[in-house]
Amino acid sequence: MSRETIFEASLAYFLSPIGELLDDDSVTEVMVNGYDEIYFERSGRLFETELRFASEDALRSAVNNVAQYVGREIDQDRPILDARLPDGSRVHAVIPPSARRGTYLTIRKFKRDTFRLEDFVKLGSLNEEAAEFLRIAVKLRKNIVVAGGTGTGKTTMLNAVSTAVPEEERIVVIEDSSELRLQQKHCLYLESQTADVYGQGEVTIRDLFKASLRMRPDRVIVGEVRSGEALDMVQSMISGHSGSMTTVHATTPADAMVRLETLSLMSGVDLPVVVARSQVASAINVVVQLTRYVEDGSRKVSRITEACGLDGNDRFVFRDLYRTRLKGRTDDGRLIASLEATGEKPTFAREPYESGMESDVEHTTGLWER
């Protein structure tokens, strides 16, 4: 019996109190707020359960088992654990004294099926026109940021947008915890590593990004930028690695650009604010904004916006190309929404025809110029 098989059986035993939630494909996240309080998320809504771990020790044993599986430590000196289950689900745990009510355990379940842009159209989060625009933008090698709050589906959308990357390209994917599953064959996946108990062996996203540029990538996809690696990514976009993609925590396209600017300033490089801002403005072409609507828990593309550089006062300039309009509710309380074109054209409106992409234009004829 292999080591992985043994750990899978062990994890199944220790996590058995929430096993039915982990096995339910309709459940997207499991939240343990102490051994005797367990919630789950389904269709964007939270539900409390009657499930319980036998005791605080039983819950702590489950967390320790997960830590052992990934070769990491969680104790009073290191009370936070980020890990991954064998099926790819992401695990986050915090133990006392940092967790005041007992051990907290959150499991974001890994989606086995890879969503395509067509799937978002079927779900009503996109329309055919917007999906076609994103496919063309990817083929034109525009740098794309998927922005949204926690739990809005940024990684799922990034995965869907990436399906438009031509099959013949070499793609390097960089993540903290592997979640992306690209459909293209020529993909290299890199994952960051935390330091061991002796403080050695740490490999950061920034380390991986620098390494990726020596691997002859056609595109680099960063699962999420959270720190100073934003500067490396932005500079690589400007200097020849166009067509890159990433996600960022932000609730509007403007906030996304400001966050990238702020993260670039965290790189340790002595960089004037206006330089960081101008580099971000030069690098990012399109922001896909995701929003989770609290009224019904639904997740939708609320905007697709072009970032158009800076104005004369060094402020970011934006052009909304698509915007969601809420039109009411269904009988069961679900929001009725429609992603509609604003009538604006992107600054690169001539490029599809100049690049010989006439056959790609079907639903978006009004968006482009010959």
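Listing for the model above:
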read-out: Ordering of 115-126, 136-147, 248-259 by burial proxy (mean other Cβ atoms within 10 Å per residue, highest first); value: 136-147, 248-259, 115-126
read-out: Relative contact order [Cα under 8 Å, 6+ residues apart], the chain, whole percent; value: 13 percent
read-out: At most 13 other Cβ within 10 Å, DSSP loop - chymotrypsin sites (Phe, Trp or Tyr not before Pro), the range 168-214; value: TYR198
read-out: Descending principal axes extents, the range 115-197, alpha-carbon based, whole Å; value: 51, 32, 19
read-out: Cα gyration tensor category, rounded, prolate or oblate, for the range 3-108 with a/c compared to 1.5; value: oblate
read-out: Pairs beyond 24 Å (Cα-Cα), from LYS142/LYS345; LYS142/LYS185; LYS300/LYS345; LYS111/LYS345; LYS111/LYS327; value: LYS111/LYS345; LYS111/LYS327
read-out: Under the Debye formula (equal points on every Cα, no solvent term), log10 I(q)/I(0) of the range 117-367 at q = 0.07, 0.13, 0.14 Å⁻¹; value: -0.24, -0.82, -0.95
read-out: Euclidean distance between Cα centres, the range 3-37 to the range 194-263, Å; value: 31 Å
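Where a number appears in this text, it was derived from the coordinates with a stated rule and is not lab data. Predicted model only: the values in this text are computed from it and were never measured. As a convention, Cβ positions derive from the backbone with ideal geometry for all residues, glycine included, and neighbour counts pool all protein chains shown.
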